[in-house]
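Scroll down for the structure; my scribbles are underneath it.
Just so you know, all these numbers are worked out from the coordinates, no wet-lab data involved. Keep in mind that what you see is a predicted model, and the values were worked out from it rather than measured. Using ideal geometry, Cβ is built from the backbone for each residue, glycine included, and neighbour counts are taken over all protein chains shown.
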Amino acid sequence: MTLPPESLISAAARTGHFPDGLTYRSLPLDRSAHIAAETNLPLKTIELTALENGVLPERYVRNLHTYRPEDQARLLRSRACVVGLGGLGGLVTELLARAGVGTLILVDGDRFEESNLNRQIFCTTDRIGYRKADVAAQRVVRINEAITVRAELCFLDTVNAPRLLADCDVAIDCLDNIADRRVLAQAAQDRSIPLVTAAVAGTCGQLAVLMPGDTTEMTAIYGEDSAIVHGAETALGCTPQAVAVLAGLECSEVLKLILGQEGTLRGQLLLFDLDRAFFHTVRLT
C-alpha cells in the first residue's frame, strides 16, 4: 500500500543549515521525482505538497531568505503569459522558470535569425530558423520539470488575445513594437489582470506596471498617435546588457504582483541609461 505523499515527503526530506545558522528542510529533485512516480502524481503536485508542509524543493533553497515556502507555493500555483520571446522575453522566461512560476504561456510566431545572437538567450547558432516559442518551451522544461509550459506559435492580435490571457494572473509585455503593446494593454484591461510593460533601445530601457483600471498609462508613455508602430529600438538597436538589466527588473515586478507585495511601479515609469549609469522614475499622469 502506497503511503500518502505527505508521509513520503516527510520521510525523504533532509535537514540543511545556512551559514547564519538558519535550519531548513528540503526535498531533493531525485526524491521528488521518485515520490511522483510512486504515487502517480505530477511533480508539481509533489512540490506543492512539500511546500504546504514547510519542506522546500531543493531548487528553491537559495530563495528562502526572500521567499517563504508559502510564497513559493503561491508562485507555483500562478499563471503568467509572456508575449514576445526575443531578447527581453527569453530572459524573462528563463528567470520566471527558475523562480518557480508554475504555468508559463509563451507567445511568439517568429523564428530565430542571426541578428538575434547578440542578446536572445535561447538563440544559438544551431537554432537559427527554429520557432522561438518551441525552443523557449523546451528550455523551460529542462530548467524546471515541475512547471507547466505552453508554446503558442502565433503573433498576438485582437482576436487571439482573450484566449492567450485566459486564467492568467499577469501579462508580460516583451514585444518589439508599440502597436502590439497597445493591443496587449487593452487585452489585459479586458481580462482585469495586471500588465508589466517594458521596452529597450540601445543601452536604455523603460518599465511600467499597469493595473486593471489604469487606462491612460499607455497613452502617457507612447502618446495618442496610434499610427506610430515602432519605438526607438528600431534606430538604436538592442544591446545585451540593457536587455539583461531590463529583464531582471521586469521579472521582479512580475513576482511582486503575483505575491501581492507592495512597492510595484504602478503609476510610474522607470527609465535607465546604462551608458550614463542613470536610473530615474517619473510619475505617469
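May I ask you to list the residues of region 53-96 whose amide nitrogen lies under 14 Å from a point 7 Å from Cα along the Cα→beta-carbon direction of TYR24? 54-73, by backbone N distance to the label point. Entry note: region 5-70 has Rg to Rh equal to 0.97, where both radii use alpha-carbon atoms and Rh is the Kirkwood radius. Spatially, region 5-36 and region 49-76 are offset by 11 Å when compared through their Cα centroids. Dividing the summed -39500 (n - 2.57) terms of all DSSP H runs of n ≥ 4 by the residue count of the chain sets its mean residue ellipticity at 222 nm at -11500 deg cm²/dmol. In the chain, taking the dipole from charged Cβ atoms about the Cα centre, the farthest positive-side position among HIS280, LEU56, VAL82 is held by LEU56. Tally Lys and Arg at +1 and Asp and Glu at -1 over the other residues with C-beta under 12 Å from the C-beta of LEU29: what net charge comes out? Residues close to LEU29 contribute a combined charge of -2. Using only side-chain charges placed at the Cβ, +1 for Lys and Arg and -1 for Asp and Glu, the dipole size of the chain relative to its Cα centre rounds to 620 debye.
So what's the angle, to the nearest 10 degrees on a 0 to 90 scale, between helix 178-191 and the longest Cα principal axis of the chain? Long axis of 178-191 versus the principal axis of the chain: about 50 degrees. For region 147-285, count all C-alpha to C-alpha pairs, find those more than 25 Å apart, and express that count as a whole percent of the total. Here the tail beyond 25 Å accounts for 24 percent of pairs. Within the chain, the longest run free of chymotrypsin sites (Phe, Trp or Tyr not before Pro) that sit in a DSSP loop with at most 16 other Cβ atoms within 10 Å is 156-285.
Amide H contacts under 5 Å for PHE155: GLY109, restricted to partners 5 or more places along the chain or on a different chain, H placed in the peptide plane at 1.01 Å from N. Evaluated at q = 0.14, 0.30, 0.31 Å⁻¹, the base-10 log of the normalised Debye intensity for region 59-116, with identical point scatterers placed on the Cα atoms, takes the values -0.46, -1.21, -1.25.
Beta bridges per DSSP, both residues in the chain: antiparallel share near 50 percent. Taking the Cα centre of region 85-221 as reference, the dipole from Cβ charges on Lys and Arg (+1) and Asp and Glu (-1) amounts to some 240 debye. In terms of overall dimensions, the chain has a Cα radius of gyration and Dmax of 19.9, 67 angstrom.
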